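Here is the structure we will look at, set down as structure tokens.
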């Protein structure tokens with residue numbers, strides 16, 4: 001084992017901005033995740049990369065100009081704000097844009113190092129003209145469009161294992177053969193109206209580790225071999241856990257770690273760079289939730305310290 005590999009991890013203090021007391025979106029988790037990774041020596045401070053906010057024209061590769069301007073200027077109507085579920089503030093605009101920048105940076109670092117992990121991201125319910133389900137701008141789609149526009153990649157595979165279908169991402173890429181969308185989610189969960197991904201795998205409520213991992217392992221290697229993407233974008237939602245407030249699946253801590261390890265090992269074995277975002281996670285016990293999110297970074301360190309060779313297909 002070569003321990004000289006240093007996992008690139010992306011974080012910015014602006015990932016956290018105040019929300020009203022009692023709001024169910026767990027905003028503090030992003031800094032708490034970063035602190036846990038350092039405290040547990042999964043990473044050192046030197047492995048942290050700090051993103052900037054993207055220019056508006058990058059956001060507009062995916063989102064309609066009037067929506068980008070209305071959100072950033074605070075002129076979005078009340079109904080549209082309610083659909084997002086987060087009260088507007090200038091701090092939230094900065095947080096939203098910085099997190100998008102973080103996923104773009106994560107994708108670029110993955111191309112260089114074989115893997116990189118954001119400590120935020122996965123806003124897959126955002127559509128071109130509106131936000132939904134705590135998602136304002138679709139960081140996954142924007143990152144891929146930016147990399148394509150800069151001729152860094154041509155094709156990509158989105159592996160969305162958040163408990164909720166990646167409906168916004170599916171819609172954005174529905175007529176784009178250069179990006180394949182794979183969403184494995186709870187079939188009877190939000191969103192009520194599903195979109196059509198290139199591959200949807202809806203799971204029954206209370207699906208647990210063995211059945212979940214068997215389903216994942218039956219699809220992912222086949223997709224990688226068939227598509228041979230220039231980049232894999234992995235949404236590692238921790239809301240598949242049995243204790244998640246908004247989940248409805250039944251994975252254990254071990255199941256989440258094995259899920260993340262399975263995805264990362266398959267990408268590494270095939271030589272496919274993989275950019276990771278943490279996706280959703282909602283729990284009463286914040287410390288337990290943070291630990292569940294950290295399995296992504298722990299699995300990445302475990303898998304990629306086995307070799308320091310650059311990825312190449």
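For 97, 117, which order do you get if you count the other beta carbons within 10 Å of each Cβ and list the fewest first?
Ascending number of Cβ neighbours within 10 Å: 97, 117.
Who wins for biggest fluctuation among 33, 152, 140 in a Gaussian network model of the chain, springs between alpha carbons below 10 Å?
152
What's the extension gain from residue 254 to residue 196 if we count 0.36 nm per residue and subtract their Cα-Cα distance?
Contour length minus Cα-Cα distance gives 17.9 nm.
Among 218, 183, 149, determine the one that fluctuates most according to a GNM of the chain built with springs between C-alpha atoms less than 10 Å apart.
218
Taking a ≥ b ≥ c as the square roots of the Cα gyration tensor eigenvalues, with a/c under 1.5 meaning rounded and otherwise prolate when a/b beats b/c, else oblate, which class fits region 164-225?
Taking the square roots of the gyration eigenvalues as a ≥ b ≥ c, region 164-225 is oblate.
Taking the chain as a Gaussian network, Cα atoms linked when under 10 Å apart, which of 82, 193, 298 shows the biggest mean-square fluctuation?
Looking only at 82, 193, 298, the largest GNM fluctuation is found for 193.
Rounded to the nearest whole Å³, what is the per residue volume of the convex hull around the Cα atoms of the chain?
117
I'd like the FRET efficiency for residue 48 and residue 213, computed as 1/(1 + (r/R0)^6) with the beta carbon distance as r and R0 of 35 Å, rounded to 0.05.
So, using R0 = 35 Å, E works out to roughly 0.70.
Relative contact order for region 9-304: what is it in percent, counting Cα pairs under 8 Å that are at least 6 residues apart?
Once normalised by length, the contact order is 20 percent.
So if I restrict to the alpha-carbon atoms in region 110-222, what is the Rg, and what is Dmax, the biggest pairwise distance, in Å?
Here Rg and the maximum Cα pair distance are 14.3, 42 Å.
Counting only DSSP beta bridges with both residues in the chain, tell me the antiparallel percent, nearest 5.
5
Before rounding to the nearest 500, sum -39500 (n - 2.57) across all DSSP H runs of length at least 4 in the chain and divide by the residue total; then give [θ] at 222 nm in deg cm²/dmol.
Mean residue ellipticity at 222 nm (helix-derived): -13000 deg cm²/dmol.
Points 7 angstrom from Cα along the Cβ direction at residue 188 and residue 65: gap in nanometres?
4.6
No value in this document is a laboratory result; all are computed from the given coordinates. Values in this document were obtained by computation on a predicted structure and should not be read as measured data. Don't worry about glycine lacking a Cβ; one is built from the backbone with ideal geometry, like all the others, and counts go over all protein chains shown.
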